[in-house]
1. Using the Karplus curve 6.51 cos²θ - 1.76 cosθ + 1.60 with θ = phi - 60°, what ³J(HN,Hα) values do you get for each residue of the range 182-189, in whole Hz, with x for Gly and Pro?
2. Could you give P(r) for the range 133-260, binned at 10 Å from zero, as whole percent values over all Cα-Cα pairs?
3. Are there any trypsin sites (Lys or Arg not before Pro) in the range 83-123 that are in a DSSP loop and have at most 11 other Cβ atoms within 10 Å? List them by number.
4. Name the longest site-free stretch of the chain, where the excluded sites are chymotrypsin sites (Phe, Trp or Tyr not before Pro) in a DSSP loop with no more than 12 other beta-carbon atoms within 10 Å.
5. In this model, which of 135/186; 103/190; 103/135; 98/128 are farther than 23 Å apart at the alpha-carbon?
6. Roughly to the nearest percent, how much of the accessible area of the chain is carbon and sulfur, given a 1.4 Å probe?
7. Tell me the Rg and the Dmax, in Å, that the Cα atoms of the range 111-175 produce.
8. Can you give the % of DSSP beta bridges in the chain that are antiparallel, to the nearest 5?
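The values are calculated or read from the model by the stated rules, or taken from the named source; none is laboratory data. Bear in mind the structure is a predicted one, so any value in this text is a computation, not a measurement. All Cβ positions, glycine included, derive from the backbone under ideal geometry; neighbour counts span all protein chains shown. Ligands, DNA and RNA are excluded from the accessible area calculation, which covers all protein heavy atoms including side chains. Shrake-Rupley method; radii C 1.70, N 1.55, O 1.52, S 1.80 Å.
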Amino acid sequence: EAGMVEWLSALESGFPHWSIHCSSQIQNPEYDWTNDLSAWLRRLGANIQPDLHLAVSLRSFRAEHVSAFVGALIIGDAGKARNLYGEVSRYPMVVTRKLQRAKEWIRNQARGSERIGLLASSNAIRLKPEGIFVKQDLDPAQWFLKGKDDIRSSYYLEDVATEFHVQGLELDWALVCWDLNFRRTKTGWKSFSFAGTRWQTVGDHNRTRYVANSYRVLLTRARQGFVIFVPEGNPQDPTREPATYAAIYDFLRECGIEAI
């Protein structure tokens, strides 16, 4: 979760005798988290080889360009995301303001034993009024492996898994629930953390990246496609301002994601 620099730090401190070969893309700003990776690579004597970059995702026959699309969305480049959206026409991505509609959509997409699941960020605290409790105990083995007749399984779309449960794992279809811990402002995406009774701005740069990366993980878990649920909020609840949720929804639509 701390970015590529942690791998380089581990190599420098624990494996100085290793010979290091890496892709030229390792110096992409998406990975550096404002650290000077070039300096790290020089100290480690790394051999830069462009051919080591895995340019094509093998997660799914449909998902070749999904990671690039999600990357553009997460950095806030709607124009780039919209252009990339045309490259993923076989990979359905939709957004809705109604949770029940999202559940109906994802159930209708799945065929046979294809696995579906409900996902949300670990600090998406104000999804609770929607019946989505990110702080509940979850047994990942039951969630990922039990069948359609078991209420503990992901198929029931009741228990929600966070980025910590699904990191490195996959579903066929994902229902991603978006909360105000990662929201659109006039200056771009901004990260928040819920503490006590209110949202608080995340000032630390690394923690800001953690929040952004949590949504990157959630949006890249599905082999076949995903639906995003953005709540409508509640004008009587200052922690669930409708206009703030609407700004998120509008940006997702601006990126090209279809509404249902």
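1. Karplus values, whole Hz, x for Gly and Pro: 9, 10, 8, 10, 5, 9, x, 5.
2. It works out to 11, 38, 36, 14, 1, in whole percents.
3. 111
4. 62-260
5. From 135/186; 103/190; 103/135; 98/128, over 23 Å: 135/186; 103/190.
6. Reported share for carbon and sulfur atoms: 49 percent.
7. Looking at the range 111-175, its Cα Rg and Dmax stand at 11.2, 33 Å.
8. Antiparallel bridges make up about 30 percent of those DSSP assigns within the chain.
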